[in-house]
Each structure stands twice: as structure tokens, then as C-alpha cells.
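Written out below as C-alpha cells is the structure these notes cover.
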Amino acid sequence: MKSKKMSNGRIKIEVYQAGELGFPVTEIVDSTANGVVDIAIFYSSYLASQDPVLALAGGKPGPISNPYELFYQVKAVEDLVQKSFEKFGVVYIGPMIYGEPEILVSTKPITKLDDVKGMILRSSGLAAVFYNTLGAQAMMMASGELYQALQLGTIDGLEWTDYAADYKMGFHEVAKYIVEPTKGVNLHSEAAVHAFLIVNPEVWNKLPDDLKEIIKVANMETYLWGSYYVNTLNREYRQKWIDAGATLVKLPPEDNQKIIETAVQLHIEYAKKSPEAQEYVKRLVKVWRDLGYEEWANALEAALG
């Protein structure tokens, strides 16, 4: 690992996959805070129901479409995200795993936004609230259950992650329709941090400053390398979906305004949940405007009043 090389072997990290140590992914923060593990990566949407800032920091509707825009947004609200993680007893290090705007995989054709009404979709966090608002029925479901759920018709579709991950899960075998994100609009999930790096406070406080800095640098390099790797991989796997007979569509331009309006109202609802969430949403106005997303910024600023 990078941190091992940079520290000349002074940092050695044993890696375990999600669930391998006997607790679910939703308990990663508690397990890190309690010292079951020393360091972990965690997707903030798993705490969406407990902390509105962490809900906003996860997958949500918005215009962000690449790793550089995402990093700019993360840095603009990082102090708020850091404080939220601290409330759960862990040290926040930074964004580690970049995720591109997600695709919507479906067993039924979707050509316009109204087509999702009445559909049962696997989703989580703010994305689930977004789909419910549009008239779908969103439900959380473990990854190991998704293939069979699509196959049996338990769910009509899902937003898991991207082309590569969805293909490797075998979804191309049982679902033949994909709604691609439209740059600067997306459907529910803009480019998002799929995992932040967190550390047990006792472990972190015992580290000398040079090793702390190495971990931060290694984390940042992982984010940058991963964003390039994910983008390259998705171009390859997009073609694999096509070769497997999938139909790829983008929603018509007339649906864009509805997506923005629904997304902005969702941000407003979460802004009401805490002063920190209110501040987070206020900062997004400037972030979106700085990045050239005037329509999003103007809509959010007007809704904030």
C-alpha cells in the first residue's frame, strides 16, 4: 500500500472487505469509534437518518459531474462534515473513493421522468427520498439480494453505482434498460464521495505528525487515482452493457427543470433539520455558481429566501 511505502514500513494496514469482520457496513463508524477497527472507509449516506449533514454529504441530486467539481464542493463544506463525524466518535480524514453520477438500471423501459411513477426502486439516503417524491417507491436492500430481486420482479430497478460495478454484479443479465445521467443535471445522484476515510481517535492521537501527514497524502492520492480509474473503467463497461443488448437513454431536456425543482426542494427540507445542514445548503449556492451551474444556484437561492 502507498502509506507503507511512504513510511518505509512504519505504517502497515491490514485490509478487510465489508462484512468480513462480522459487522454490517452500517456499523462501520461505531466499530471504528469503539476500536474494533483502527481505520475504515465509510459512505456517509448510511447515517442519513441520524445526521442531515452526512445525508447531504452522500449521494444526492445535484449538478456535480466530475471529480474536480466534487472535490471543490467537499472542501467548501468540509468543516461541517468533519464535525458530524466527530459527533459519532471518529476522526475525519477526507474523501477517499470517488463515485461518478449513478446510472438507473431498470427491467422496464424509462424514456421520461413520469415513467418512474409507481416503480419499485432500490435506493438509499437522499436518493431514496428523491425517488419517493417523484412517485416511485424506494427501498433499501443489501447488495447480495439485488440480482435476485431484479430477476424475480421484487424491484423494477436500482441505482447501485456505475456501469462497471453494476455489470460485475450481473445486472446486465436481468435488466436491459439504463437511464444515463445528463451532465450538469443527473437524475438523482451527482458525482459523490462513495467513502470517506475515518480513524479511531485514540489510534490517531498516538501517531506522530509525519505519519498522520502520510495517511492524509495517501488518502488524497487514492481519491485522484481512483477518479481516473473509475472513469476509464466505466467507458469500457458502458460498451459491455451495449454489447449485452442494453438500451441506453437520456431523459428529455423538458424533464431537466423538474429534476432541478425536485432536487432543490429536497435540499431545502434537509436544511430545516439542523443549523449545520442549513449552513451546508447555503454554501452550495456559491459552490454551484462558482462552477457555472447558474440555474441550480438561482433555484436554490430563491428557495432559501
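The values are calculated or read from the model by the stated rules, or taken from the named source; none is laboratory data. Only a predicted model underlies this, so the values are computations on that prediction, with no experimental measurement involved. Please note: Cβ atoms are built from the backbone with ideal geometry, for glycine as well, and neighbour counts cover all protein chains shown. Areas reflect the complete protein model, heavy atoms only, side chains present, ligands, DNA and RNA absent. Shrake-Rupley method; radii C 1.70, N 1.55, O 1.52, S 1.80 Å.
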Keeping to segment 55-76, report how many residues are more than 15 Å from R283 (Cα to Cα) and either without any contact (Cβ under 8 Å) to a residue 60 or more places away in the chain or not aliphatic (A, V, I, L, M) (or both). 8
From the option list N231, N219, single residue qualifying as in contact (Cβ under 8 Å) with a residue 24 or more places away in the chain, surrounded by fewer than 18 Cβ atoms within 10 Å (Cβ to Cβ) and of a type in the set (S, T, N, Q) is N231
Among (1) modelled with pLDDT under 95; (2) open to solvent by less than 30 Å² (accessible area, probe 1.4 Å), the one test that V116 misses: (1)
Find the helices (runs of 4 or more DSSP H) located wholly in segment 122-180 whose residues include 1 or more that are surrounded by fewer than 18 Cβ atoms within 10 Å (Cβ to Cβ) and touching a Gly at 6+ places or on another chain (Cβ under 6 Å), and list them. 146-152
Please name all residue pairs, on different chains or six or more residues apart, with Cβ atoms under 6 Å, provided the first residue is in segment 183-203 and is acidic (D, E) and the second residue is open to solvent by 10 Å² or more (accessible area, probe 1.4 Å) and outside any strand (DSSP E or B). E190/P101
Helices (runs of 4 or more DSSP H) wholly inside segment 1-61 containing at least 3 residues that are of a type in the set (A, V, I, L, M) and surrounded by 15 or more Cβ atoms within 10 Å (Cβ to Cβ): 28-33, 52-57
Filtered residue count, segment 251-270, keeping only those that are over 15 Å from F130 (Cα atoms) and surrounded by 15 or more Cβ atoms within 10 Å (Cβ to Cβ): 1
For segment 77-113, name all the residues that are surrounded by fewer than 16 Cβ atoms within 10 Å (Cβ to Cβ) and in contact (Cβ under 8 Å) with a residue 24 or more places away in the chain. K83, K87, G89, K108, P109, T111, K112
Quick check, is D243 among the acidic types (D, E), in contact with a Ser or Thr (Cβ under 9 Å, 6 or more places away or on another chain) and farther than 17 Å from N66 by Cβ? no
Members of segment 88-121 that are over 29 Å from E78 (Cα atoms) and either part of a helix (DSSP H, G or I) or aromatic (F, W, Y) (or both): L113, D114, D115, V116
Could you check, for segment 19-37, whether at least one of its residues is closer than 21 Å to M139 by Cβ and at pLDDT 90 or above? yes
Looking at Y280, Y229 in this structure, which one is aromatic (F, W, Y) and modelled with pLDDT under 95? Y229
